[in-house]
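S.K.: Just passing along the structure, written as structure tokens.
Throughout, read-outs are computed from the coordinates displayed, never taken from laboratory work. Computed from a predicted model, the values in this text were never measured in an experiment. Because the Cβ atoms are built from the backbone with ideal geometry, glycine has one as well, and the counts that use them run over all protein chains shown.
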Amino acid sequence: MEETLIKVTDVKGTVLKPIDATFKVEYKYEGEAAAEEVLVGDVKKGEVKGDDFPAPDATKDLEYSEVVIDVTDKPKKLPYAGKRIRFIGKVPPKGFPTDLPFIGKIPETKEEKKLAMAEKKEALIKELQKRFPPKEL
Amino acid sequence: MAAPDNEQFIGFNPLVDLTQRGSKLINSKRQTYTYEEIMSGAIGTTTLEGGSQGQLAGISKLAATYNLGGVEYDSYNLKCVTSLGPQATIHVVAIGSIEVGAGNIFFTSNRSNVESVDFNGFGGYTNNPLNFGAMVDDETEIARPLTGIFYVNQENIPTFPIEFNAMYIIAADAANFECDVYVDMDFIVEKGTTVEFTIA
């Protein structure tokens, strides 16, 4: 059964569902020069799902595993930066939150919030007009 | 039976802790509700303030809490009353923003209603759930089903934290239309987190 392997969240634990991001998981073994990519793909609705993280090579000593989240569409949808998260001597725990750092602006005044909502409204109208053009009264 | 008012329901001195039969809990350890709160679900009065598009909107905390797979949630209600007019092919109303301290918000119930006039059709007013297919009207004052899109949108602002949820009413059709909208939706948030509403 598929489970949540990676939960792409902000530092408050909120799942960043609309985020456009890719992920990769790397395993680095003792004595080897470079890490090996074992899993790669797109983040879907703020999550990476799968049966489990790949089992490390039992004949080698795992130095660390690393999860890399690359935000591909900032700040069009959400203002969060990518991140590398390293787990020493083990594979990542299933369902861990990524705690991506916020790189936007926290609104401080009501006017700022109202202005942002009004701008978004105008953007929505512009998009809707492509499919539903105005009609003469 | 006449509905008792809040005072009648309380019925004991609020300054004295009473023990309940078979329980060691005292009242200060209990969550108590007034009759009004139990019957309506809302705690306190839902105050709808006026916004920049003539909409009236606000949120109120509900009595119900949820435990979903070990995670506890508080529940709230969003209301908005507005007119979509004058007639046009597109109506977008910014209701306001719901900002939570932490966590996602999940809308668990939508009882929103659309009211239109049908004076020159079958007569009177039409009332339908807010969705495509809801009856809308125009200058003919004959109601007809809207065949485009009609929904309440929860959207993030690109530069703001994800905990800022902007709420919009979005309605569009190939032909001009107008109607009145009554948004009534319940949502849940992580228990104990702050919830702030800002009218648009």
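S.K.: Taking into account only those residues within region A:57-87 that are in a strand (DSSP E or B) and within 14 Å of chain B (Cβ to nearest Cβ), which is farthest from the chain's Cα centre (by Cα)?
M.R.: Among those residues, the one meeting the criterion is A:Tyr80.
S.K.: If A:Lys105 passes every condition in (1) touching a Phe, Trp or Tyr at 6+ places or on another chain (Cβ under 9 Å); (2) within 12 Å of chain B (Cβ to nearest Cβ); (3) not in a loop (DSSP other than H, G, I, E, B) but one, which one does it miss?
M.R.: Going through the list (1) touching a Phe, Trp or Tyr at 6+ places or on another chain (Cβ under 9 Å); (2) within 12 Å of chain B (Cβ to nearest Cβ); (3) not in a loop (DSSP other than H, G, I, E, B), A:Lys105 breaks only (3).
S.K.: Considering only residues that are facing chain A (nearest Cβ under 9 Å), more than 23 Å from B:Asp118 (Cβ to Cβ) and not in a loop (DSSP other than H, G, I, E, B), which ones fall in region B:145-178? Show your work before the answer.
M.R.: Going through region B:145-178, the residues facing chain A (nearest Cβ under 9 Å) turn out to be B:148-149, B:153, B:155-164, B:166-168, B:170, B:172-176.
Checking the rest, the ones that are also more than 23 Å from B:Asp118 (Cβ to Cβ) come to B:153, B:155-164, B:166-168, B:170.
Matches in region B:145-178: B:Asn153, B:Glu155, B:Phe164, B:Ala166, B:Met167, B:Tyr168, B:Ile170.
S.K.: Something else now. Does B:Gly123 satisfy the criteria of being over 30 Å from A:Glu108 (Cβ atoms) and in contact with a Pro (Cβ under 6 Å, 6 or more places away or on another chain)?
M.R.: no
Rundown of residues vs (1) of a type in the set (Phe, Trp, Tyr); (2) more than 30 Å from A:Val11 (Cα to Cα); (3) without any contact (Cβ under 8 Å) to a residue 12 or more places away in the chain, yes/no style:
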residue: B:Ile105; (1), (2), (3): no, no, no
residue: B:Ser116; (1), (2), (3): no, yes, no
residue: B:Asn120; (1), (2), (3): no, yes, no
residue: B:Gly124; (1), (2), (3): no, yes, yes
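S.K.: Taking the stated definitions as given, is A:Lys90 closer than 30 Å to A:Ala123 by Cα and either in a loop (DSSP other than H, G, I, E, B) or within 14 Å of chain B (Cβ to nearest Cβ) (or both)?
M.R.: Working: closer than 30 Å to A:Ala123 by Cα: no; either in a loop (DSSP other than H, G, I, E, B) or within 14 Å of chain B (Cβ to nearest Cβ) (or both): yes.
No; evaluated as a whole, the condition is false for this residue.
Residue-wise test of (1) over 15 Å from A:Thr14 (Cα atoms); (2) crowded, with 17+ Cβ neighbours inside 10 Å; (3) in contact (Cβ under 8 Å) with a residue 40 or more places away in the chain.
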site	(1), (2), (3)
B:Arg144	yes, yes, no
B:Pro161	no, yes, no
B:Ala171	yes, yes, yes
B:Asn176	yes, yes, yes
B:Cys179	yes, yes, yes
B:Val183	yes, yes, yes
B:Phe187	yes, yes, yes
B:Gly192	no, no, yes
B:Thr198	yes, yes, yes
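S.K.: Additional query: Would you pick out the residues in region A:4-56 that are surrounded by fewer than 18 Cβ atoms within 10 Å (Cβ to Cβ), in a loop (DSSP other than H, G, I, E, B) and within 14 Å of chain B (Cβ to nearest Cβ)?
M.R.: A:Val11, A:Lys12, A:Gly13, A:Lys17, A:Pro18, A:Asp20, A:Lys45
S.K.: So which of A:Lys44, A:Lys60, A:Lys7 is out of contact with any strand residue (DSSP E or B) (no Cβ under 8 Å at 6 or more places or on another chain) and either among the charged types (D, E, K, R) or within 30 Å of B:Phe160 (Cα to Cα) (or both)? Please lay out each step first, then the result.
M.R.: On the way: A:Lys60 fails: out of contact with any strand residue (DSSP E or B) (no Cβ under 8 Å at 6 or more places or on another chain); A:Lys7 fails: out of contact with any strand residue (DSSP E or B) (no Cβ under 8 Å at 6 or more places or on another chain).
The match here is A:Lys44.
S.K.: Could you list, in sequence order, all residues of region B:51-85 that are under 30 Å from B:Asp138 (Cα atoms) and part of a strand (DSSP E or B)? Can you show your working first?
M.R.: Of the residues in region B:51-85, the ones under 30 Å from B:Asp138 (Cα atoms) are B:51-58, B:78-85.
Correct list: B:Leu56, B:Ala57, B:Gly58, B:Leu78, B:Lys79, B:Cys80, B:Val81, B:Thr82, B:Ser83, B:Leu84, B:Gly85.
S.K.: Which ones in region B:117-132 are surrounded by 13 or more Cβ atoms within 10 Å (Cβ to Cβ) and not hydroxyl-bearing (Ser, Thr, Tyr)?
M.R.: B:Val117, B:Asp118, B:Phe119, B:Gly121, B:Asn127, B:Asn128, B:Leu130, B:Asn131, B:Phe132
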